[in-house]
1. In contact with a Gly (Cβ under 9 Å, 6 or more places away or on another chain) and at pLDDT 95 or above: does that describe H54?
2. Output the residue which, of all residues in the stretch 195-240 that are modelled with pLDDT of 90 or more and of a type in the set (S, T, N, Q), is farthest from the chain's Cα centre (by Cα).
3. Restricting to the stretch 278-315, name every residue that is of a type in the set (F, W, Y) and under 30 Å from F52 (Cα atoms).
4. Determine whether the stretch 51-58 contains at least one residue that is touching a residue at least 60 places away in the same chain (Cβ under 8 Å), surrounded by fewer than 17 Cβ atoms within 10 Å (Cβ to Cβ) and of a type in the set (A, V, I, L, M).
5. Looking at (1) in contact with a helix residue (DSSP H, G or I) (Cβ under 6 Å, 6 or more places away or on another chain); (2) in contact (Cβ under 8 Å) with a residue 12 or more places away in the chain, which is the one condition that is false for S404?
6. Please name all residue pairs, on different chains or six or more residues apart, with Cβ atoms under 7 Å, provided the first residue is in the stretch 229-244 and is of a type in the set (D, E) and the second residue is not in a strand (DSSP E or B).
7. So the check is Cβ under 6 Å with 6+ separation or different chains; which pairs have a first residue in the stretch 381-399 that's under 22 Å from A412 (Cα atoms) and in a strand (DSSP E or B) and a second one that's of a type in the set (A, V, I, L, M, F, W, C) and at pLDDT 95 or above?
Amino acid sequence: MASNLQRARRRVGYGMVLALPLVGLWFALPGLPVLWAPSASAEMKSAGATLFEHQWTAHDPLAGGDGLGPVFNATSCVACHFQGGVGGAGPNQRNVLAFEAAPTRAHPELRNGLVHHQAVTPALQETTDLLRALFPVIPGTQKVSNVNGCLTTVGIPSFDPIRTESINSTALFGIGWIDRLSSRSITHNQTRKGLEKIIKEFNLEMDSVPPGRPRVLADGRIGKFGWRGQFATLQEFVAAACANELGLGNPLMDQAKPLGRPDYPASKPDLDAKQFAALVAFVDTLPRPIEVLPEGTSERAAAVRGKELFRSIGCAICHVPDLGGIEGIYSDFLLYELENRGDGIADGYGNQGPPPIPLPANHPRPGEWKTPPLWGVADSAPYFHDGGCATLEDAILRHRGDASKVTKTYQALAALDQRAVVAFLRTLKAPASGAK
């Protein structure tokens, strides 16, 4: 009996000895790389392209429900995604007004949404005044405290729960590759950067770029889509765009209800499962951007030099050139603070302090934004989440917060080298503009 017990213990011990290296190897590996390009049948892509470019109307014959609306920002997908070809980015004229209502005692749930530009009837038109009426400012108060027998009055300032931001449309080229990017590739890269930062701090380099953090959604998945990584999959991203931008209900999401009208009657989905699958297939297979060097000898040399500088000054710390088997993507898909605290953006609420009810720990701070992929950046102006930068030079100089050191390093370059960095970025073309 004792001998059997000893043998069993040895087996367990041997198993643990073998398992530990495997566990260590699992944590060390970056995840499975993306090996195959997105694909779909020609029929699916053609049907999806038709839906992407279709001009939707109320009670549209292509819709299974009530068609466009009741509130919307555009009448087609291509209206906001066309720069550099169908599926590209959009100009500032197509920005949407997003809002976030911080949790309060009257409205304890964090709420996000859009103030839509258009409605099918004037009675449903949304405005910022209506938004303010739904989420009013909480008046400030005076709080009296007794500290060791001394009465102390502390003023609690008024709190405005509403924060609005103008959001620019992103390019969709190559988005199917991103959908296939493993979450493990993102977290492994973050871990590697965290270790590198620790090593730098041991060498007394205290101002290096922090590793950023992934957008962890409520269900534990990693968000890869949207300026703040709000969606984990391309399907969810497309579903939200249909429902919120066009008012098209679909198999994953109901159409957006007008502000102040939670009782607005529900409609059947406008897109059925087949239509939605075709639309996703079209977006999924949009070609990936390409890198195109200039033909002139001096211009080509400047772009090559700029690519080297892009890495050496630290841009590639966040805009990782290759990730998870995807070459030339130039993103790590992590959240970073891109504004300095105290400038009215990083705290998000006009420097008035935190919300009365704390935000969820995994919720992005108001100044945090996901690193956007730079592939195709030459054809996706304007830049930044709000389209506030007209040129690549402006966008580089706007990087502050976690990226302050990199910006200062760029500013310290000779003018010729600064132009070389921009020349490199101009080689990152949308697929349509680079096609021969």
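1. On the way: in contact with a Gly (Cβ under 9 Å, 6 or more places away or on another chain): no; at pLDDT 95 or above: yes.
It is false that H54 is in contact with a Gly (Cβ under 9 Å, 6 or more places away or on another chain) and at pLDDT 95 or above.
2. Of everything passing the filter in the stretch 195-240, Q235 is farthest from the chain's Cα centre (by Cα).
3. Within the stretch 278-315, the subset of a type in the set (F, W, Y) is 282, 310.
Answer for the stretch 278-315, where residues must be of a type in the set (F, W, Y) and under 30 Å from F52 (Cα atoms): just F282.
4. Taking the stretch 51-58 first, the residues touching a residue at least 60 places away in the same chain (Cβ under 8 Å) are 51-52, 56, 58.
From what's left, surrounded by fewer than 17 Cβ atoms within 10 Å (Cβ to Cβ): 58.
Adding the requirement that they be of a type in the set (A, V, I, L, M) leaves 58.
Yes, there is a match, as at least one residue in the stretch 51-58 is touching a residue at least 60 places away in the same chain (Cβ under 8 Å), surrounded by fewer than 17 Cβ atoms within 10 Å (Cβ to Cβ) and of a type in the set (A, V, I, L, M).
5. Status for S404: all satisfied but (1).
6. E236/L252
7. Matching pairs, first to second residue: C389/A395.
So that you can scan it fast, the table gives a plain yes or no per residue for (1) surrounded by fewer than 16 Cβ atoms within 10 Å (Cβ to Cβ); (2) modelled with pLDDT under 95; (3) closer than 24 Å to W369 by Cα; (4) in contact with a strand residue (DSSP E or B) (Cβ under 7 Å, 6 or more places away or on another chain):
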position	(1), (2), (3), (4)
P103	no, yes, yes, no
E126	no, no, no, yes
L130	yes, no, no, no
P139	yes, yes, no, no
V154	yes, yes, no, yes
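The values are calculated or read from the model by the stated rules, or taken from the named source; none is laboratory data. No experiment lies behind these values; they were computed from the predicted model shown. Glycine also receives a Cβ, built like all others from the backbone with ideal geometry; neighbour counts cover every protein chain displayed.
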